[in-house]
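Notes for the one structure printed next.
No lab work stands behind these numbers, since they all come straight from the coordinates. No experiment lies behind these values; they were computed from the predicted model shown. Note that we place each Cβ from the backbone using ideal geometry, even for glycine, and neighbour counts take in every protein chain shown.
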2 protein chains.
Amino acid sequence: MIGTLYGVGVGPGDPELLTLKAARIIRKVPVIAYPAPETGPSLAHRIATPHLPSGQVEIVLRMPMSAEHFPADTVYDRAAHDIGGHLADGRDVAFLCEGDPFFYGSFLYLFARMAAEHRVEVVPGVSSLTACAAVIGAPLTARNDILTVIPAPLPDDLLADRLSACDAAAIIKVGRHFERVRAVLLRLGMIDRAHYVERATMDSQRVVPASAVSAESVPYFSMIIVHRRGAAFRL
Amino acid sequence: MIGTLYGVGVGPGDPELLTLKAARIIRKVPVIAYPAPETGPSLAHRIATPHLPSGQVEIVLRMPMSAEHFPADTVYDRAAHDIGGHLADGRDVAFLCEGDPFFYGSFLYLFARMAAEHRVEVVPGVSSLTACAAVIGAPLTARNDILTVIPAPLPDDLLADRLSACDAAAIIKVGRHFERVRAVLLRLGMIDRAHYVERATMDSQRVVPASAVSAESVPYFSMIIVHRRGAAFRL
């Protein structure tokens, strides 16, 4: 009698971009867990809400989002302990993860703590990567394109080097690094081919040229997509 | 009275990895289009089957899959013409695309022909990239990892260079290039950290170490995922 921990990708934000499998699993498990900001509602929980039956146990991981405290080891430690208790008692647990659990997902911090000793299954989800491409309305990659995903917190030289060595790039976790990233894109002559996206597929979604963004408004979960080939797509 | 062309990602193979939005759209449109091999059933159509009402018009794109004929321009030209006719008559059309339409998707060849003159909307899907990570059971990327997606048909030196410049790599379209790719991975000392996946999330799925694969059995749609950090995942 041991339970399974499901890492369930709930997609980028639009509740309709949940998969049928994710909906089935979060409907049937007796325990759900999900990340939430220090105060206020959880995006992952909001996406899943239409499918959640009443009476489920909820484990809320309230995450301190300041750069200094993130990731919040004690929050994950305690959640791993609580979830482990449910699994040991034979109850399945679904962790709701924005996007895809194995693609820079918040689930990774639980996975690192629990995979060695528990049965874990991951349900892949629509990632922010392809969601951003869809809302921009431009293909991400075709034929033999090389795609690189680059976190914005990395040093300028590394950013510039990797941006120069691919056909399409997604710069993630832009947030407070926006001004630095923009300077790199300017230097490389790429700024006019850079699309900025925040909250892709949500009602509050914003899709604009990277050159039109003011740095102080950029949230952590934002992305810039750059194509070497520029705006015109030809095959 | 003009119709919309939907590029609908139907996910990597498991029919449950379809999104709720994809299911809604393919249920309501009067016309569907989908790729199929020269003979035999279409994977994209099989995934969508449970949601298709009777009476839809079906446009089947029978693709010659040999390396010499691919992509088959005349097949796409004719499909674009037929689909354009339905759109002009006010009928919406959904093109069923394995994985995600904008991530190396077969939809791109229609998009290139039709986006300038028609209303096109893309519904993102679960990509083979995160599906492969899920079935391997190992995180693709965490924290500030750099991820690169590299098509196997590219030259050895380029493959080696890009593999050396990231934390996680996905080598796609392996097929008849397997032996070359394996030689590159051997040379870089990466072969023991390389997972081979074919038909991810399907009943016939195969997940094995890349070192255990015999080259003659490798289909076009197969993938190798390599992590710099190796099998042990730590955060």
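Once the C-beta distance of residue A:56 and residue A:203 is scaled by a Förster radius of 35 Å, the resulting FRET efficiency is 0.85 to the nearest 0.05.
Among beta bridges identified by DSSP and lying wholly in the protein assembly as shown, the antiparallel ones come to about 40 percent. Listed by chain and number, the lysines whose alpha-carbon sits under 25 Å from that of residue B:28, ignoring those within fewer than 8 places in the same chain, are A:21. Placing unit charges on the Cβ atoms only, positive for Lys and Arg and negative for Asp and Glu, gives the stretch B:129-227 a dipole magnitude near 60 debye about its Cα centre. As a length-normalised measure over Cα pairs under 8 Å and 6 or more apart, the relative contact order of chain A settles at 21 percent. Each Lys and Arg adds +1 at its Cβ and each Asp and Glu adds -1 at its Cβ; summed about the Cα centre, the stretch B:4-126 shows a dipole of about 380 debye.
Taking the helices alone, chain A has a mean residue ellipticity at 222 nm of -8000 deg cm²/dmol, built from -39,500 (n - 2.57) per DSSP H run of at least 4 residues and averaged over all its residues. For residue A:176 and residue A:88, the difference between the fully extended length at 0.36 nm per residue and the C-alpha to C-alpha distance is 27.5 nm. Here the mean projected area of the convex hull built on the C-alpha positions of the stretch A:129-227 is 5.6 nm².
With the simple model of a label 7 Å out from the Cα in the direction of the Cβ, residue B:81 to residue B:16 spans 4.4 nm. Plainly put, the tip 7 Å out from Cα toward Cβ on residue A:157 is 2.4 nm from that tip on each other copy, the closest given first.
Segment residue A:165..residue A:74, full-extension length gain: 28.9 nm, with 0.36 nm per residue of separation and the alpha-carbon distance subtracted. Averaged over peptide B:92-100, the number of partner chain Cβ atoms lying within 10 Å of each residue's Cβ comes to 1.
Here the protein assembly as shown is treated as an ellipsoid with the same Cα gyration tensor; its semi-axes, largest first and in whole Å, are 32, 26, 25. For chain B, the longest principal axis of the Cα atoms and the long axis of helix B:178-187 meet at an angle of about 30 degrees.
Label-point distances for residue A:89 to the equivalent site in the other copies, using a point 7 angstrom along Cα→C-beta, read 6.1 nm when ranked shortest first. How large is the charge dipole for the protein assembly as shown, taken about the Cα centre, if only the Cβ atoms of Lys, Arg (+1) and Asp, Glu (-1) carry charge, to the nearest 20 debye? Roughly 60 debye for the protein assembly as shown. Computed from Cα atoms, the angle from the helix A:73-88 axis to the main principal axis of chain A rounds to 40 degrees. In the assembly of identical copies, residue B:112 has its label point, taken 7 Å from Cα in the direction of the beta carbon, separated from the corresponding points by 4.1 nm (ascending, one decimal).
With R₀ fixed at 25 Å, the C-beta to C-beta distance from residue B:192 to residue B:143 puts the FRET efficiency at about 0.60. Partner shielding of A:10-18 amounts to 4, given as the average count of beta-carbon atoms from other chains within 10 Å of each residue beta-carbon.
Taking label positions 7 Å along the Cα-Cβ direction at both residue A:212 and residue A:36, the computed distance is 3.6 nm, reported to one decimal.
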